[in-house]
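Below is the structure I would like to discuss, written out as structure tokens.
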Amino acid sequence: MVLTGIFVPLSHAMADEVRLCFSRWEPYAYDDGNGATGLAIDIAKRAFEISGHDATFTQMPHSRCHFGIRYGIYDGILFESRPGETVESLSASRFALVNRVLVAVVRESYPQTAYEGLQTFEGANWLHVVDEDYPAKILNSTQMYPVDVGENAHGLLMLRRNYVDVVFRDLASLHFGSDAVHEPAGLKTLLPAVDIEPFYLCMESKFARVTADYDQAITKMLADGSIDRLYYKHLGFSQIAFNRYFSGSSQPTLPQDRLMP
């Protein structure tokens, strides 16, 4: 008898249960009160399901995730930008889980209409959130001046009220995070992106087989369109359209009321 319609995981070996930690990053990963959700969470969940492994996800500040790994509470972490520089012995996934697409947000009256290097912000004040990770080229820039703040809950409000001239934000968070911009409100995004940094799922080296299974599952998901379907579910457009948008080459298939002009 031939059985059809039965889901068979990629890995037929003994399944592992992995405990993963993540820091809140809407719309990629966050706990909405009913558990972990978001684009990156759904991608990882599906990949582990395909590979035959069980995964749990716990939201913690990034530093506490690393503390938990060191003391055996967690087996891995989402969103590691430089996995080779971690204290723990971690192995990164082959593919980036997500990319942080850093864009510049300015007032509508700002004279430049596109990002053409940091000289675009010659003499400008930029919002520097002390605990956030910025590219070295921004931190070391002598062409603009940082305005230090402790958190970013009112960053765009500070921009509107002329306390700063430019705010650097992740593009997806800008439109889909908890303080997402739903109306232009006198602001504009300069394209292309200022910086693009890949973030990886990393697990302890003893889970190398699990990481390899995960990578195999991601390869399958890229080929069968699963990744694009999850992008549509969470962001309203495909991964390719998203990439084209932040490169400044074309517009994505996203309703205009969900984009800043």
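Carbon and sulfur atoms: what percent of the 1.4 Å accessible area of the stretch 39-120 do they account for?
Carbon and sulfur together cover 48 percent of it.
Return the sequence-ordered ³J(HN,Hα) values of the stretch 51-56 in whole Hz as given by the Karplus equation 6.51 cos²θ - 1.76 cosθ + 1.60 applied to θ = phi - 60°, using x for Gly and Pro.
Once rounded to whole Hz, the list reads 7, x, 10, 9, 9, 10.
Work out from phi, with θ = phi - 60° and the Karplus expression 6.51 cos²θ - 1.76 cosθ + 1.60, the ³J(HN,Hα) of each residue of the stretch 93-99, listed in order in whole Hz, and give x for Gly and Pro.
Couplings: 5, 5, 9, 5, 5, 8, 10 Hz.
Sticking with this structure for a sec: Give me the extension gain from Glu197 to Gln216: residue separation times 0.36 nm, minus the current Cα-Cα distance, reported in nm with one decimal.
4.6 nm
Cross-link candidates for Lys188: which lysines have Cα within less than 30 Å, leaving aside residues fewer than 8 places away along the same chain?
Lys137, Lys233
Under 5 Å between amide hydrogens, which residues at least 5 positions from Phe95 or on another chain qualify, with H placed 1.01 Å from N in the peptide plane?
none
Considering amide H positions built from the backbone, and no H for Pro or chain starts, which residues 5 or more places from Leu191, or on another chain, come under 5 Å of its amide H?
Tyr115
Would you grab the residues whose amide H sits under 5 Å from the one on Phe237? Only those 5+ places off in sequence or on another chain, please, with H modelled 1.01 Å from N.
Placed amide hydrogens put Tyr232 under 5 Å from Phe237.
Now for a separate question. Rounded to the nearest 0.05, what FRET efficiency is calculated for Arg160 and Glu132 with R0 set to 22 Å and r the Cβ-Cβ distance?
With a Förster radius of 22 Å, E is 0.65.
Just how far, in whole angstrom, is the stretch 38-100 from the stretch 208-232 if you go by their alpha carbon centroids?
The stretch 208-232 and the stretch 38-100 have Cα centres separated by 15 Å.
The values are calculated or read from the model by the stated rules, or taken from the named source; none is laboratory data. What you are looking at is a predicted structure, and each value in this text was computed from that prediction instead of being measured. As a convention, Cβ positions derive from the backbone with ideal geometry for all residues, glycine included, and neighbour counts pool all protein chains shown. The accessibility values were calculated without ligands, DNA or RNA, using every heavy atom of the protein model including side chains. Shrake-Rupley method; radii C 1.70, N 1.55, O 1.52, S 1.80 Å.
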